[in-house]
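The values are calculated or read from the model by the stated rules, or taken from the named source; none is laboratory data. Here the structure is a predicted model, which is why all the values come from computation and not from measurement. For neighbour counting, all protein chains shown are included, and Cβ atoms are generated from backbone atoms with ideal geometry for every residue, glycine included.
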Amino acid sequence: MGCEVVTKKRQGIINPISDCQPAGGQFAAIGMKDCIPLVHGGQGCVMFVRLLFAQHFKENFDIASSSLHEDSAVFGGKQRIHDGVMTLARRYPNLRILPIITTCSSEVIGDDIEGNINICNKMLKEEFPDRQIYLVPVHTPSFRSSQVGGYAECLKSVVKTIAKEKVAPTGKLNVFPGWINPGDQAELQHYFYAMGVDATFLFDIADFDSPIMPDKSIHTHGRTTVEDIQNSSGAVGSLALARYESFAAADHLAQTFEVPAHKLDTPYGIANTDIMLRKISEITGKPIPESLVRERGKAIDALQDLTHMFFADKRIAIFGHPDLVFGLAEFCVELEMKPALLLIGDDSTRYKRDPRLLAIKEKADWDMEVVCNADFWELEKRLKQPDYKIDMILGHSKGRYVAIDANVPMVRVGFPSFDRAGLYRHPIIGYRGAVELAESMANTLFSHMEYTKDREWILNVW
Amino acid sequence: MPLVLLDCDKVIPEREKHVYLKVDGEDTRDYLPLANVATIPGTLSERGCSFCGAKLVIGGVLKDTIQMIHGPIGCAYNTWHTKRYPSDGDNFQLKYVMSTDMKESNIVFGGDKRLYASIIEAFDEMPHIKRMIVYTTCPTALIGDDIKAVVKKVMAERPDVDIFTVECPGFAGVSQSKGHHVLNIGWVNDKVGQVEPKITSKYTMNFIGDYNIQGDTYLLQKYWDRLGIQVIAHFTGNATYDDCRSMHRAQVSVVNCARSAGYIANELMKRYGIPRLDIDSWGFNYMAEGIRKVCTFFGIEKKGEELIAEETAKWKPKLDWYKERLRGKKMAIWTGGPRLWHWTKSVEDDLGIEVVAMSSKFGHQEDFEKIIARGRSGTYYLDDANELEFFEILEKVKPDVIFTGPRVGDLVKKLHIPYINGHGYHNGPYMGFEGFVNLARDFYNATSNPLLKLAATDIREPEPKEKLEAAE
């Protein structure tokens, strides 16, 4: 009984759970409007990340490569940065933000990004005196941290570079949601509307679920503007909802412009959502309306139908982003499930001290394991042991074959989810997200009972 | 007509050399787009890197081989779950990818020890697997890790395992094409000739440049079985590592994808005297021609004609049903390179489809010679086209369908143009007789989708007299 925290002993990785830093940097960067990131590295560092985004969202995103080759490896990639910046500026007249995202190759070569940005700024000023294009240095060597760190780094650097001075109070709330889906953002936006709060998302990814329009216009891009970022310095506060992806940016605004930083756990489940709504009310002075009390009640009502009848004591394995994994583990506890195996996929030592993990450890009166720096082999090996019982897996699509081969039902959650339709549209945070996710878990269990003829007759009456 | 400078390329005029509009009376002596040269940074090209050319396209197809990628995690993560090449080896090649997960201290102090440990761990964790390919990546090439020395050490310690090394970091060369080349030559240098195959037929061949996309290899294998031809090695669809070590024993190398694997066929010819026979495997006319060539080589023409007659009788009526409905439809092909010349004339001859624009990511000028020779007049031929060029060309040629990858496919969806996965297919296989009916079906289903009409409707405008219905 109790929770054991271990670290993968092997040096290598067999089937990775996490991607590298530049991928996270790119995900953050596409959340801005009139922005095309330039990834300084080999072409594959862009092409496959764009493919990953396309797989998850079924959308195309504009990201450029500096097409680094052998000559740059020998003589440095300076010219490639200059050419990339100027070509983008010349061909995209609306371009206003241009993050320059480094990779392992450009970091090993040691190209001076800040120095080259100074040179490019001069070139831009000369050729386009009427345009202001923000060049943002984003240092994301792939051999450090993971996609999580890359997201945090890009967000922080964008705020640092573009929010240069304290603006007059805007009355708005900065929201740093971290790595979520458009469906989650819509859920957050729904609360802000309900409470009459004017919020600015950094970054606003609502149009990552974008329409086909009669006039064939393309809307697939982030919506956070230069002005949104500049005005973040005059906000009433920053609501940071992802410890590992967005706390650093909120801290920066607090230290530099005295924008109060409100750092909360991502609102997975009922209790975490309660904390967030109370906090929003506290920051803005706006009351929580009756409509949200009813919505919360509906959610608890729906979850009650499932918990002790179907969910109780089910042992769950969860992998993916740390904020997601810890948040879902707490949600499982709310549902009377046992988070039995958590897999966190990079080498950061901070996760072991995460307060959510410490709280669950305190509570765990069941067998539970947390594997740090994990890969999918850690999951697969455990599932192959006959006495290692896991009833359901929660995680992203890269783990699909582990679940398929072990014949364990799996609910797709997190990034990337490419083997189930439209998941980016469905919230998993907030009250409605809690219901959507719990019902999806229940229905997956029910289908599994039917396919495996495992007490499927229970559902004859419900 | 000379080469074309598109409006979006006014500020990068060197792109003119890569865009060609063919008119009647011209041939490739007059104009040939520049190809296989470095991309202009910041153009939003669709090219990948040479590492992926080696790992994703060729090496990663082998069904019994650990893919060990020596570098930070992204190179393994991002190239995993991107291909549709199944195998009869429980899809080991789709399920597993390994990485040395290089961290900063390894970059500073060297990653040789970490690579050694990762290789040993991988074999220990998967004792039934005895074959491996180790790839370098950008940072491990830059810091100069000696992967060959590490592999030599492991192979000396473990005589039952065999490991191939590919030293092809992503920054090498201008596109994935470089990776194809490096892997081909490396393989024939290091591995071919090491295993003696069991010969079971008078007629033996290698089938080169087919990667079993959605079962292409399975489908063609049925033909070779019926003809009594033993395929010593598929390079590399549904193949084992050791199959490909025994390629020197085939009587002929039949080549489908000349771009990614023509190199090894040439080397087999040079070193072992194995003749090279190029065929096209997509399309009725081409497949029949290919089977005739192979059968003529072995002197089994009659058998070949029987097979062609049988397959034609079975599939031609289905193909013709689609041909009636697809005649005159316009198609664009935006894929790697060879499929442009494989497809442009086969869809025209077999289905009456007009290919109006083609873009190649990594083809060489040699490919463009074939593409333009086989392609139509009035068609645009682009090398390494980028996003703005795509938009401009689409406006000019207005295709009904684009055969391309998911990224471009998701982009053109907004322009009301359906895409068919030209790399991994929608519902393949597409090779062979049966496969081309699949391609025709997917084309037909894409163009007859009622949503295309609904997408163009603006509901703020007056209601049309007739209801827009799914069934027309």
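Mind checking which residues of the stretch A:203-258 are among the aromatic types (F, W, Y) and buried (at least 20 other Cβ atoms within 10 Å of the Cβ)?
Taking the stretch A:203-258 first, the residues among the aromatic types (F, W, Y) are A:203, A:208, A:244, A:247, A:257.
Listed by number, the residues that qualify are A:F203, A:F208, A:Y244, A:F247.
Could you please find all residues in the stretch B:298-307 being within 11 Å of B:R226 (Cα to Cα) and of a type in the set (A, V, I, L, M, F, W, C)? Break it down stepwise before answering.
From the stretch B:298-307, those within 11 Å of B:R226 (Cα to Cα) are B:303-304, B:306-307; that's our starting set.
Of everything in the stretch B:298-307, just one residue is within 11 Å of B:R226 (Cα to Cα) and of a type in the set (A, V, I, L, M, F, W, C), namely B:L307.
Filter the stretch A:25-45 down to residues that are in a loop (DSSP other than H, G, I, E, B) and under 12 Å from the mean Cα position of the chain (by Cα), then give me how many there are.
Just the residues of the stretch A:25-45 that are in a loop (DSSP other than H, G, I, E, B), to begin with: A:30-31, A:33-34, A:36-37, A:41-43.
With the extra rule that they be under 12 Å from the mean Cα position of the chain (by Cα), the set shrinks to A:31.
Of the residues in that region, 1 qualify.
Going by the structure shown, is A:V408 touching a helix residue (DSSP H, G or I) at 6+ places or on another chain (Cβ under 9 Å), of a type outside the set (D, E, K, R), farther than 29 Å from A:L188 by Cβ and surrounded by fewer than 19 Cβ atoms within 10 Å (Cβ to Cβ)? Break it down into steps so the answer makes sense when it comes.
Working: touching a helix residue (DSSP H, G or I) at 6+ places or on another chain (Cβ under 9 Å): yes; of a type outside the set (D, E, K, R): yes; farther than 29 Å from A:L188 by Cβ: yes; surrounded by fewer than 19 Cβ atoms within 10 Å (Cβ to Cβ): yes.
Yes: the conditions hold for A:V408.
Only one of B:G186, B:G215 is outside the structural domain of B:G237 (by TED's automatic domain parsing) and small (G, A, S); which?
Values: B:G215 fails: outside the structural domain of B:G237 (by TED's automatic domain parsing).
Every option except B:G186 fails the conditions.
Just to be sure, is B:Y425 touching a helix residue (DSSP H, G or I) at 6+ places or on another chain (Cβ under 9 Å), outside the structural domain of B:D216 (by TED's automatic domain parsing) and on the phi < 0 side of the Ramachandran plot?
Numbers: touching a helix residue (DSSP H, G or I) at 6+ places or on another chain (Cβ under 9 Å): yes; outside the structural domain of B:D216 (by TED's automatic domain parsing): yes; on the phi < 0 side of the Ramachandran plot: no.
Taking the combined requirement at face value, the residue does not satisfy it.
Kindly indicate whether any position in the stretch A:225-237 is part of a loop (DSSP other than H, G, I, E, B), touching a residue at least 12 places away in the same chain (Cβ under 8 Å) and under 13 Å from A:C35 (Cβ atoms). It would help to see each step written out before you state the result.
Narrowing the stretch A:225-237 to residues part of a loop (DSSP other than H, G, I, E, B): A:225, A:235-236.
This time we only want the ones that are touching a residue at least 12 places away in the same chain (Cβ under 8 Å), so: A:225, A:235-236.
In the following step, the residues that additionally are under 13 Å from A:C35 (Cβ atoms) were identified as A:225.
Within the stretch A:225-237 (the criterion being part of a loop (DSSP other than H, G, I, E, B), touching a residue at least 12 places away in the same chain (Cβ under 8 Å) and under 13 Å from A:C35 (Cβ atoms)), the answer is yes, since at least one residue qualifies.
If A:E70 meets every condition in (1) acidic (D, E); (2) more than 29 Å from B:T82 (Cα to Cα); (3) without any contact (Cβ under 8 Å) to a residue 60 or more places away in the chain apart from one, which number is that one?
Here A:E70 clears every test but (2).
Look through the stretch B:47-75, keep the residues that are of a type in the set (V, I, T) and either on the phi > 0 side of the Ramachandran plot or assigned to a helix (DSSP H, G or I) (or both), and return whichever of them is nearest to the other protein chains (Cβ to nearest Cβ).
The residue in question is B:I73.
In the stretch A:151-197, which residues are under 17 Å from A:D251 (Cβ atoms) and not in a helix (DSSP H, G or I)?
Those that are under 17 Å from A:D251 (Cβ atoms) and not in a helix (DSSP H, G or I): A:A163, A:K166, A:L173, A:N174, A:V175, A:F176, A:P177, A:G178.
Residues are listed down the side, and each one gets a yes or a no for (1) under 29 Å from B:T137 (Cα atoms); (2) under 20 Å from the mean Cα position of the chain (by Cα); (3) touching a residue at least 40 places away in the same chain (Cβ under 8 Å):
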| site | (1), (2), (3) |
| --- | --- |
| B:K17 | no, no, no |
| B:Y20 | no, no, yes |
| B:G25 | no, no, no |
| B:D30 | no, no, no |
| B:A38 | yes, no, yes |
| B:R47 | yes, yes, yes |
| B:S50 | yes, yes, yes |
| B:I58 | yes, yes, yes |
| B:L62 | yes, yes, yes |
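Name the single residue, out of those in the stretch B:393-411 being buried (at least 18 other Cβ atoms within 10 Å of the Cβ) and among the acidic types (D, E), that is nearest to A:Q55 (Cα to Cα).
B:D410
Against the conditions (1) buried (at least 17 other Cβ atoms within 10 Å of the Cβ); (2) under 26 Å from B:P275 (Cβ atoms), where does B:T344 fall short? Just the number, please.
(2)
For B:I372, state whether it is in a helix (DSSP H, G or I) and surrounded by 24 or more Cβ atoms within 10 Å (Cβ to Cβ). First the steps, then the outcome.
Values: in a helix (DSSP H, G or I): yes; surrounded by 24 or more Cβ atoms within 10 Å (Cβ to Cβ): yes.
In short, yes.
What's the total number of residues in the stretch B:77-99 that are closer than 19 Å to B:H128 by Cα, more than 7 Å from chain A (Cβ to nearest Cβ) and in a loop (DSSP other than H, G, I, E, B)?
5
Looking only at the stretch A:437-462, count every residue that is in contact with a His (Cβ under 9 Å, 6 or more places away or on another chain) and touching a residue at least 12 places away in the same chain (Cβ under 8 Å) and tell me the total.
Pass one, the stretch A:437-462, residues in contact with a His (Cβ under 9 Å, 6 or more places away or on another chain): A:437, A:440, A:454.
From what's left, touching a residue at least 12 places away in the same chain (Cβ under 8 Å): A:437, A:440.
Number satisfying all stated conditions: 2.
Filter the helices (runs of 4 or more DSSP H) completely within the stretch A:324-414 down to those with at least 3 residues that are within 14 Å of another protein chain (Cβ to nearest Cβ) and modelled with pLDDT of 95 or more. Step through it out loud before you land on a result.
Details: elements: A:355-363, A:376-384, A:400-406.
Of the helices (runs of 4 or more DSSP H) lying wholly inside the stretch A:324-414, those with at least 3 residues that are within 14 Å of another protein chain (Cβ to nearest Cβ) and modelled with pLDDT of 95 or more span A:376-384, A:400-406.
Does B:K148 count as within 30 Å of B:L388 (Cα to Cα), touching a strand residue (DSSP E or B) at 6+ places or on another chain (Cβ under 7 Å) and either without any contact (Cβ under 8 Å) to a residue 24 or more places away in the chain or not assigned by TED's automatic domain parsing to the domain that holds B:D242 (or both)?
Values: within 30 Å of B:L388 (Cα to Cα): no; touching a strand residue (DSSP E or B) at 6+ places or on another chain (Cβ under 7 Å): yes; either without any contact (Cβ under 8 Å) to a residue 24 or more places away in the chain or not assigned by TED's automatic domain parsing to the domain that holds B:D242 (or both): yes.
The answer is no for B:K148.
Can you find even one residue in the stretch B:351-364 that is among the β-branched types (V, I, T), assigned to a helix (DSSP H, G or I) and within 30 Å of B:T39 (Cα to Cα)? Quick ask: steps written out before the conclusion?
Keep residues of the stretch B:351-364 that are among the β-branched types (V, I, T), which gives B:353, B:355-356.
Right, trim to assigned to a helix (DSSP H, G or I) and you get none.
The answer is no, given that none of the residues of the stretch B:351-364 is among the β-branched types (V, I, T), assigned to a helix (DSSP H, G or I) and within 30 Å of B:T39 (Cα to Cα).
Would you check if B:V408 is in contact with a Ser or Thr (Cβ under 8 Å, 6 or more places away or on another chain), assigned to a helix (DSSP H, G or I) and within 11 Å of chain A (Cβ to nearest Cβ)? Steps first, answer last, please.
Working: in contact with a Ser or Thr (Cβ under 8 Å, 6 or more places away or on another chain): no; assigned to a helix (DSSP H, G or I): yes; within 11 Å of chain A (Cβ to nearest Cβ): yes.
In short, no.
Return the pair list, or none, for Cβ contacts closer than 7 Å from residues in the stretch A:46-67 that are facing another protein chain (nearest Cβ under 7 Å) to residues that are among the aromatic types (F, W, Y) and in a helix (DSSP H, G or I), at least 6 apart or on different chains.
As it stands, the answer is A:E59/A:F208, since those pairs meet every condition given.
Going by the structure shown, is A:S106 in contact with a strand residue (DSSP E or B) (Cβ under 8 Å, 6 or more places away or on another chain) and closer than 30 Å to B:V412 by Cβ? Even if it seems obvious, please write down each step before you answer.
Values: in contact with a strand residue (DSSP E or B) (Cβ under 8 Å, 6 or more places away or on another chain): yes; closer than 30 Å to B:V412 by Cβ: no.
Spelling it out, it is not the case that A:S106 is in contact with a strand residue (DSSP E or B) (Cβ under 8 Å, 6 or more places away or on another chain) and closer than 30 Å to B:V412 by Cβ.
Do any helices (runs of 4 or more DSSP H) lying entirely in the stretch B:102-160 carry at least 2 residues that are of a type in the set (A, V, I, L, M) and surrounded by 14 or more Cβ atoms within 10 Å (Cβ to Cβ), and which ones are they?
Details: elements: B:104-109, B:112-125, B:138-142, B:147-157.
Result: B:112-125, B:138-142, B:147-157.
Whether any residue in the stretch A:30-41 is in contact with a strand residue (DSSP E or B) (Cβ under 6 Å, 6 or more places away or on another chain) and within 7 Å of chain B (Cβ to nearest Cβ) is what I want to check.
There is at least one residue in the stretch A:30-41 that is in contact with a strand residue (DSSP E or B) (Cβ under 6 Å, 6 or more places away or on another chain) and within 7 Å of chain B (Cβ to nearest Cβ).
Considering each of A:R144, A:R131 in turn, give the residue that is closer than 22 Å to A:D323 by Cβ, assigned to a loop (DSSP other than H, G, I, E, B), in contact (Cβ under 8 Å) with a residue 40 or more places away in the chain and not acidic (D, E).
Numbers: A:R131 fails: closer than 22 Å to A:D323 by Cβ.
Among A:R144, A:R131, only A:R144 is closer than 22 Å to A:D323 by Cβ, assigned to a loop (DSSP other than H, G, I, E, B), in contact (Cβ under 8 Å) with a residue 40 or more places away in the chain and not acidic (D, E).
Looking for whichever is touching a residue at least 60 places away in the same chain (Cβ under 8 Å) and more than 23 Å from A:L437 (Cα to Cα) here; the options are A:H221, A:H190. Which one fits? Write out each step before concluding.
Details: A:H190 fails: more than 23 Å from A:L437 (Cα to Cα).
Residue meeting the stated conditions: A:H221.
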